[in-house]
Structure formats: C-alpha cells, structure tokens
Amino acid sequence: MNRLQVFSLAWPVTALGPGNRLVLWLAGCGRDCPGCISPEMQPRDAGRPVGVDTLAERILRISLPLAGITVSGGEPFDQAPTLAALLDRLTGARPDWSVIVFTGYLLEALRERADAAGLLARVDILVDGPYLRDIPRNHPLAGSGNQRVHYLTERGTALRGEVEALPVGGMNYGLSGNGDMDMIIGVTSEAQRAPIQASLVLCEKCAGDERQ
C-alpha cells in the first residue's frame with residue numbers, strides 16, 4: 001500500500017514542536033477518547049487517500065525553510081509502514097529535518113509490533129499515550145498528564161531544551177483556501193478551544209448571512 005489517508009497539511013506551524021514546522025494530520029483512529037482535540041479525524045474515511053510520491057513531491061515543493069515535520073491525527077501508527085516510506089522520501093531530501101509523531105499507543109506496545117519498527121526508527125521525538133481529560137497536562141506537547149514525551153535519537157535529545165521551552169497551550173490558526181479561519185492548531189485544552197470554536201461558528205454564520 002503506497003497511499004496515506006491524509007486529513008490536512010499546514011505550514012509554518014510553531015505550536016507543535018520547535019521551529020517552523022510542517023504538520024501532517026492523518027485520518028483514522030478508533031480510540032474515541034472523550035474530549036478528543038480532533039474528533040473530525042477519527043473516521044478512517046475522513047480526508048482523502050494520497051500517494052506517497054505525490055505527497056512527498058507536494059511537500060518538497062514548499063519553498064519556506066522548515067525545521068521538520070510533525071505528524072498527528074488520527075493515529076499515525078495505524079498507517080506506520082506507509083508513513084515510514086513518506087518520511088524516508090522527506091528526510092532523504094531534507095536531512096536536517098526533525099521528526100515528531102503523536103500516538104495514542106504506548107511506546108512499549110509499539111516496540112512489540114513488527115509493523116511499527118520502521119516508523120519508530122525514523123522518529124526523533126514521540127509523544128505517546130491516550131488522551132485522558134481528567135489528568136492535567138504537564139508538558140507543552142502533552143494533552144494530558146499521562147502522556148509522555150520520548151527523545152528517541154540524538155537529534156531529538158538535542159531538541160529537548162527547545163521543546164520544553166515551548167509555551168503550554170500555544171496555538172496557531174489554520175486558514176482554508178478561501179481565507180476563513182477553520183482550524184485551531186496546537187495541544188490545547190477543551191477550556192481553551194471552546195470560546196475560539198464558538199467564535200468561529202459565529203463568524204461562519206455572519207459570513208453566511210452576508211452572502212445571502
């Protein structure tokens with residue numbers, strides 16, 4: 001299989017790792033964690049299938065200097081072999097890029113899966129564990145306090161200071177093709193997101209009224 005089920009891409013993003021990053025969100029996750037930050041990405045048919053070669057070529061055409069790629073979702077490790085192939089293409093052309101991946105699985109469980117080994121070998125920083133809304137967050141990249149941040153490579157370890165200096169609750173805003181603000185980017189709490197999402201709904205309603 002040489003296609004990924006892609007939900008979205010955004011760049012430059014500063015809220016999901018150090019530096020200006022490309023963020024790739026993959027679709028599909030069966031965990032259904034209460035309070036999930038991205039429930040729209042849970043269906044396995046959300047987004048659209050994109051070939052690895054096509055996606056790599058699209059990303060590598062981005063002229064803006066980027067520090068690396070962050071992959072979230074959805075559940076990236078449900079598409080582990082294909083994602084590993086994409087990362088090979090990207091880091092082969094951009095060897096200075098760091099790789100950060102978010103997963104609901106625990107690192108110990110992933111190390112027991114043969115299909116996950118290739119992807120793990122390509123990840124510099126892994127954020128693992130399911131989102132548990134009742135456990136307060138304690139790290140800029142962790143949505144809840146049970147989630148752990150693993151520095152898996154020398155490159156990842158070298159970035160630890162920059163990662164831990166990121167603001168907790170930092171956000172970017174994603175724009176659709178028509179300029180509407182339609183995506184909150186970052187590891188945020190429900191309390192942070194709620195007023196912003198309400199404002200977005202109100203803005204969309206106002207824009208709709210103006211078009212009528």
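Residues that are among the small types (Gly, Ala, Ser) and farther than 20 Å from LEU66 by Cβ within segment 79-96 comprise just one, ALA80. Based on this model, can you work out whether GLY179 counts as within 17 Å of the chain's Cα centre (by Cα) and modelled with pLDDT under 95? Against the criterion (within 17 Å of the chain's Cα centre (by Cα) and modelled with pLDDT under 95), GLY179 does not qualify.
State all residues of segment 136-172 that are among the small types (Gly, Ala, Ser), open to solvent by 40 Å² or more (accessible area, probe 1.4 Å) and not in a loop (DSSP other than H, G, I, E, B); if no residue qualifies, say none. If the condition is that a residue be among the small types (Gly, Ala, Ser), open to solvent by 40 Å² or more (accessible area, probe 1.4 Å) and not in a loop (DSSP other than H, G, I, E, B), then ALA158, GLY161 are the ones that fit. Scanning segment 28-69 for residues being more than 17 Å from ALA116 (Cα to Cα) and either crowded, with 22+ Cβ neighbours inside 10 Å or aliphatic (A, V, I, L, M) (or both) gives a total of 15. Restricting attention to segment 72-88, the residues that are crowded, with 19+ Cβ neighbours inside 10 Å and among the acidic types (Asp, Glu) add up to 2.
Counting only strands (runs of 3 or more DSSP E) that sit completely within segment 28-129, those holding 2 or more residues that are free of Cβ contacts under 8 Å to residues at least 40 places away in the same chain, at negative phi and touching a strand residue (DSSP E or B) at 6+ places or on another chain (Cβ under 9 Å) correspond to 98-102, 125-128. Within segment 1-9, one or more residues are surrounded by fewer than 19 Cβ atoms within 10 Å (Cβ to Cβ), aliphatic (A, V, I, L, M) and closer than 19 Å to ARG89 by Cβ.
Consider segment 100-132 and keep the residues that are of a type in the set (Lys, Arg) and loosely packed, with under 14 Cβ neighbours inside 10 Å. The one that is farthest from THR157 (Cα to Cα) is ARG113. From the list LEU16, LEU22, the one residue that fits, being under 10 Å from the mean Cα position of the chain (by Cα), part of a loop (DSSP other than H, G, I, E, B) and crowded, with 18+ Cβ neighbours inside 10 Å, is LEU16.
The values are calculated or read from the model by the stated rules, or taken from the named source; none is laboratory data. Treat the numbers as computed from the prediction; the structure is a model and nothing was measured. Glycine gets a Cβ as well: all are built from the backbone with ideal geometry, and neighbour counts include every protein chain shown. Just so you know, the surface numbers come from the protein's heavy atoms only, side chains and all, with ligands and any DNA or RNA stripped out. Shrake-Rupley method; radii C 1.70, N 1.55, O 1.52, S 1.80 Å.
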